[in-house]
Amino acid sequence: MTLRDIALLNLRRRKAKAAFVMAGLVIGVATVVGLVSLTGALVGDVQHKLEEFGANILIVPKTENLALSYGGLSLGGVSYEVEEIREEDLAKISTIKNARNIGALGPTVLGTVVSGGTRVVLAGLDLEVASMLKPWWQVTGELPAENGVLLGSGAARVLGLGVGDRFDANGWDFRVSGVLEPTGSQDDQIVFTHLTSAQFALGKEGKISLVEVAAHCGDCPVEEMVIQLSEVLPGTSVMAIQQVVKGRMETISHFQSFGVGVSAVVLVVGGLVVLVTMMGSVRERTSEIGIFRAIGFRKSHVARIVLLEAGIVSAVAGLVGYGAGLGGTNLLLPLFTGGDAHAGSHAAMDHAMGAVFDPVLAAAALGLSVALGLLASAYPALLATRMDPNEALRAL
């Protein structure tokens, strides 16, 4: 009979204690797996929702006296008479090291036009990325085609125009395709159209007044991207919208810190459960250990029996705990995401689902459970080896 057979037979004889040890480890492993999976899913969901804030990097022409207030980003006022960015230079942005982190790029040309005797700001932009850069927009009507414009709510009120009306801009004839709902930002006072159309109407072909960048930076520093953009566009001033960036990073950090802290506490409690239970089991088996020693078992053999028992129970607990943690994540995730996690993109849905089989996490859960079980059983195993076989036999 091998040491493994002895360990298995003892587990069968003492099912209650084995189940108690397993329960402690299952709770610990399931909590860790659940928190890791839940935290990962929440980080993805929060990151997706925070991206809805729109642009977090702004590129403007470099000047000695520049202040900006545009798109709800309060950085002062801007003089549009400065030398503007050449549209052809924007291709250099794709060459930066973190180009893959750029989710949307919104070149914008700005200028004033006269319509019906009223001077208004005309903004030309890439309306295909407007939903990413300005997700707060709500439009009555539709986004304009090349010969159409989108009026801010304030501009529509001052000009007295609505959907379907004619809008004249420096002799260029446009049609109002839609009107923005009030945003509480400078967008309410601006008339929007396609970038190319605005460039022709303003006489600024190939010119860009500013560029809005939505950088997906859960895994990269925005400050690093600012440096990279400044290097490829030396004639510009690149600024990070720090409130948005810091809010993203701090929120993600809080989620991760919470998961690590709770996991550590639960693991310590699980380890103590294993330690106390195994010590009780060793004391109950005083006579049995004495017989083993009397028939020739070495101290190392006795220790290996105790550790084998702990290892077998820990391995089973790791597998069960991984499954329980995964199931718990599926149950709890809708409560944390408000049930709207599936409304976003496929990538967001994948993050929100969270509880899918991860072989790396499964292996880590199994290894963690076995390591914790063996570590907590080390002292009981040592205690078993120190028993005097003569005293143990007298207890019979």
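Flag: S197 matches the condition of being polar (S, T, N, Q), modelled with pLDDT of 90 or more, assigned to a helix (DSSP H, G or I) and out of contact with any Cys (no Cβ under 9 Å at 6 or more places or on another chain). Here P182 passes the criteria (1) touching a helix residue (DSSP H, G or I) at 6+ places or on another chain (Cβ under 7 Å); (2) surrounded by 14 or more Cβ atoms within 10 Å (Cβ to Cβ); (3) modelled with pLDDT of 90 or more except the one numbered (2). Answer yes if at least one residue in segment 130-141 is part of a strand (DSSP E or B), among the polar types (S, T, N, Q) and within 30 Å of the chain's Cα centre (by Cα), and no otherwise. Taking every residue of segment 130-141 in turn, none turns out to be part of a strand (DSSP E or B), among the polar types (S, T, N, Q) and within 30 Å of the chain's Cα centre (by Cα).
Hey, could you check segment 333-372 for residues that are modelled with pLDDT of 90 or more and of a type outside the set (A, V, I, L, M, F, W, C) and say which is nearest to T277 (Cα to Cα)? That would be S369.
Which one is farthest from K207 (Cα to Cα) among residues in segment 105-126 that are among the β-branched types (V, I, T), open to solvent by 10 Å² or more (accessible area, probe 1.4 Å) and in contact (Cβ under 8 Å) with a residue 60 or more places away in the chain?
Within segment 105-126, the first condition is being among the β-branched types (V, I, T), and the residues that meet it are 108-109, 112-114, 118, 120-121.
Now restrict to residues that are open to solvent by 10 Å² or more (accessible area, probe 1.4 Å): 112, 114, 118, 120-121.
Remaining after also requiring in contact (Cβ under 8 Å) with a residue 60 or more places away in the chain: 120-121.
Working: V120: 19, V121: 16 Å.
Taking the candidates together, the pick is V120.
Which residue is farthest from S197 (Cα to Cα), if the candidates are limited to segment 161-175 and must be part of a strand (DSSP E or B) and among the hydrophobic types (A, V, I, L, M, F, W, C)? Of everything passing the filter in segment 161-175, F167 is farthest from S197 (Cα to Cα). Beta carbons closer than 8 Å, at least 6 apart along the sequence or on distinct chains, pair a first residue in segment 148-174 that is on the phi > 0 side of the Ramachandran plot and without any contact (Cβ under 8 Å) to a residue 60 or more places away in the chain with a second that is among the hydrophobic types (A, V, I, L, M, F, W, C) and in a helix (DSSP H, G or I) for N170/A201; N170/L202.
The values are calculated or read from the model by the stated rules, or taken from the named source; none is laboratory data. This is a predicted model, so every value here is computed, not measured. All Cβ positions, glycine included, derive from the backbone under ideal geometry; neighbour counts span all protein chains shown. We work out accessible area using only protein heavy atoms, side chains counted, and drop any ligands, DNA or RNA first. Shrake-Rupley method; radii C 1.70, N 1.55, O 1.52, S 1.80 Å.
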